[in-house]
Amino acid sequence: MRSKIVAGNWKMNKNGTETEALLAELSAKLPDTTAEVMVAPNFVNLAGAVRSLESSTIEVIAQNMHYAESGAFTGEISADMLQNVGVKTVIIGHSERRAYFGETDEILAKKVIAALAKNMRIMFCFGEELEDRKSDNHFNVVASQLKNALYSLEANSWKNIVLAYEPVWAIGTGETASPEQAQEMHAFIRKSITEAYDATIANNVSILYGGSVKPNNAVEIFSKPDVDGGLIGGAALVADDFVAIIKAI
Ligand code: PEP
């Protein structure tokens with residue numbers, strides 16, 4: 001049985017004081033849910049967030065990591081450093097990392113391998129650009145992103161993988177994939193994993209949708225059978241909105 005997950009990617013928002021305030025509000029308002037709830041503050045606030053949420057069911061996850069174990073990589077953070085402050089899950093492949101920091105499928109494949117080697121759970125993000133969708137190339141793009149970064153992995157690694165399909169044209173734009181478009185792509189992803197591995201792996205992996213999920217569209221998107229939750233950007237920065245999205249699952 002795959003998990004339902006709602007994760008908030010805070011990106012480069014919230015200083016330490018604001019992080020603590022948002023976490024306190026979220027903890028106080030967290031509804032009863034069987035879904036896993038995760039938040040991804042920036043690197044410098046991870047340790048404090050883990051401490052603040054010690055007695056909470058909310059998991060603190062990281063937005064990124066480097067693939068090397070250690071060394072001369074100024075400004076970077078390793079899997080070991082994340083684990084050492086109590087972080088067990090890391091987002092890899094967010095479209096902003098791909099677009100603004102030159103992260104290619106090849107680099108992402110190395111990050112995936114490095115995180116799995118440390119037994120970390122990965123939330124792997126991918127999705128097509130608007131041009132790809134307009135030219136009806138979106139299924140090919142998604143299939144190749146998955147193949148290049150994930151399909152060389154051993155079957156056993158998939159228990160530590162969560163997927164987040166995020167069409168780039170829907171991220172931070174207020175434009176959302178329709179629930180039907182999300183379902184169509186999620187079903188395609190499951191079929192692709194079935195072909196590369198098998199139906200058990202495909203049916204056990206949680207596939208989240210990301211891209212302008214808000215309290216007013218979450219119920220409909222989450223009602224689709226292959227949508228197992230959401231990766232939330234903007235709406236995760238407002239406790240009441242994030243809580244409403246958790247309630248929608
Ligand atoms: C994201 O950045 O992962 C995201 C989905 O952002 P937003 O919800 O703001 O579109």
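Close amide H contacts of Thr89 (hydrogens built in the peptide plane, cut-off under 5 Å, sequence separation of 5 or more or a different chain): Ala62, Arg121. Farthest toward the dipole's positive end in the chain, which of Ser27, Gln83, Ile232, given Cβ charges of +1 (Lys, Arg) and -1 (Asp, Glu) about the Cα centre? The residue sitting most towards the positive pole is Gln83.
Looking at region 1-105, send over the antiparallel percent of its DSSP beta bridges, to the nearest 5.
Details: 0 of 8 bridges.
So the antiparallel bridges amount to about 0 percent of the total.
Think of region 89-149 as a dipole: +1 on every Lys or Arg Cβ, -1 on every Asp or Glu Cβ, centred on the Cα centre; then among Val141, Leu130, Val112, Val112 lies furthest on the positive end. Dipole magnitude for region 6-103: about 160 debye, using +1 per Lys or Arg Cβ and -1 per Asp or Glu Cβ, origin at the Cα centre.
Span-like helix criteria (full DSSP H runs; alpha carbon extent of at least 24 Å along the helix axis; mean Kyte-Doolittle hydropathy of at least -1.0) are satisfied in the chain by 179-196. Close amide H partners of Gly8, meaning residues 5 or more places away or on another chain with modelled amide H under 5 Å apart, are Met38, Val39, Ala40, Ile232. Annotation for region 203-249 versus region 63-123: alpha-carbon center distance of 24 Å.
Charging the Cβ of each Asp and Glu at -1 and of each Lys and Arg at +1, and nothing else, the dipole of region 5-248 about its Cα centre rounds to 360 debye. Would you mind estimating how fast region 5-248 diffuses translationally, via Stokes-Einstein at 4 °C and 1.567 mPa s with the Kirkwood radius over Cα pairs, in µm²/s? Taking Rh from Cα pairs, D becomes 72 µm²/s. The chymotrypsin sites (Phe, Trp or Tyr not before Pro) found in region 17-88 that occupy coil by DSSP, while having at most 11 further C-beta atoms within 10 Å, are Phe73. Mean sequence separation of contacting Cα pairs (under 8 Å, at least six apart), scaled by the length of the chain, corresponds to a relative contact order of 22 percent.
Computed from the coordinates by the stated procedures, all read-outs in this text should not be read as laboratory data. Values in this document were obtained by computation on a predicted structure and should not be read as measured data. Glycine gets a Cβ as well: all are built from the backbone with ideal geometry, and neighbour counts include every protein chain shown.
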